[in-house]
1. Which distance in Å, rounded to a whole number, links the C-alpha centroids of the range 9-58 and the range 163-211?
2. Round to the nearest 0.05 the FRET efficiency obtained for residue 16 and residue 174 when R0 = 22 Å and r is the Cβ-Cβ distance.
3. Averaging sequence separations of C-alpha pairs under 8 Å and six or more residues apart, then dividing by the length of the chain, give the relative contact order as a whole percent.
4. Which value, in Å³ per residue, describes the convex hull spanned by the Cα atoms of the range 64-133?
5. Along the charge dipole of the chain, which of 179, 143, 106 sits closest to the positive end, that is, farthest toward it, with unit charges on the beta carbon of Lys, Arg, Asp and Glu (+1, +1, -1, -1)?
6. Roughly speaking, to the nearest percent, how much of the chain's 1.4 Å accessible area is carbon and sulfur?
7. What is the spread of the Cα atoms of the range 144-211 along each of their three principal axes, largest first, in whole Å?
8. Kindly provide the trypsin sites (Lys or Arg not before Pro) of the range 162-211 that DSSP labels as loop, not H, G, I, E or B, and whose Cβ sees at most 16 other Cβ atoms within 10 Å.
Amino acid sequence: RRAMPSADIPEGSAPEPVGRGLKALREAAAGCKRCDLWRPATQTVFGRGPARAHVFVIGEQPGGREDVEGEPFVGPAGRVLVRALDELGIDRAALYMTNAVKHFKFELRGKRRIHKQPTPAEQKACHLWLERELSVVKPEIVVCLGAIASRAVFGANFSLMKQHGKWFELEAGRRAFATMHPSWVLRQSGDEERELAYRGFRDDLALLTRL
């Protein structure tokens with residue numbers, strides 16, 4: 001069997017995966033219409049990485065570069081993340097990387113596409129794919145980048161500013177921690193502020209080197 005063509009998917013629904021692996025999930029997610037974000041987006045941006053990765057990294061949503069290329073963390077924020085991983089001696093290729101929301105949400109300002117935060121309903125509609133990715137990859141460690149990712153894993157009462165950089169226990173023996181999204185580093189107003197934010201971000205990620 002083959003996945004149902006996107007044109008045949010009813011509004012508010014998504015095709016069921018034809019198979020149990022990441023490839024089947026990726027093909028099904030490509031036709032997802034569970035919320036309206038699929039309409040203006042170029043494509044679904046699904047996770048990438050080893051099918052049995054020990055570390056599972058969750059961002060918030062794709063940016064403009066990711067929307068075009070179809071892969072997570074390939075834009076400016078991704079470069080910040082890769083810089084931190086390289087400085088810590090962590091191989092990005094060993095990590096599974098994805099986003100809590102799989103489509104780029106934006107508003108047009110002239111010809112520019114400006115990032116907009118997904119609504120709680122849009123985040124909820126996309127949570128199915130994150131749960132399925134976790135169930136297939138079965139990671140030992142989950143890293144949440146940003147508030148949307150943190151709430152998707154820890155719940156609505158999680159305070160990123162107060163609880164980042166700390167280990168928490170999840171179900172199935174998993175451990176997890178949260179830190180800021182690398183786009184937050186880029187949004188700081190001056191060079192000194194960005195460097196301080198970057199150091200804090202990298203220090204949180206250093207938890208991965210102490211396993």
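1. 26 Å
2. 0.30
3. Once divided by the residue count of the chain, the mean separation gives 19 percent.
4. 104 Å³
5. Of 179, 143, 106, it is 106.
6. Taking all protein chains in place, the chain shows 50 percent carbon and sulfur surface.
7. 42, 28, 16
8. When the trypsin sites (Lys or Arg not before Pro) of the range 162-211 are filtered for loop state and at most 16 Cβ neighbours within 10 Å, 166, 174, 187 remain.
The values are calculated or read from the model by the stated rules, or taken from the named source; none is laboratory data. Note that the structure is a prediction, hence the values are computed from the model and not measured. Positions of Cβ are backbone-derived with ideal geometry, glycine not excepted, and every protein chain shown enters the neighbour counts. Ligands, DNA and RNA are excluded from the accessible area calculation, which covers all protein heavy atoms including side chains. Shrake-Rupley method; radii C 1.70, N 1.55, O 1.52, S 1.80 Å.
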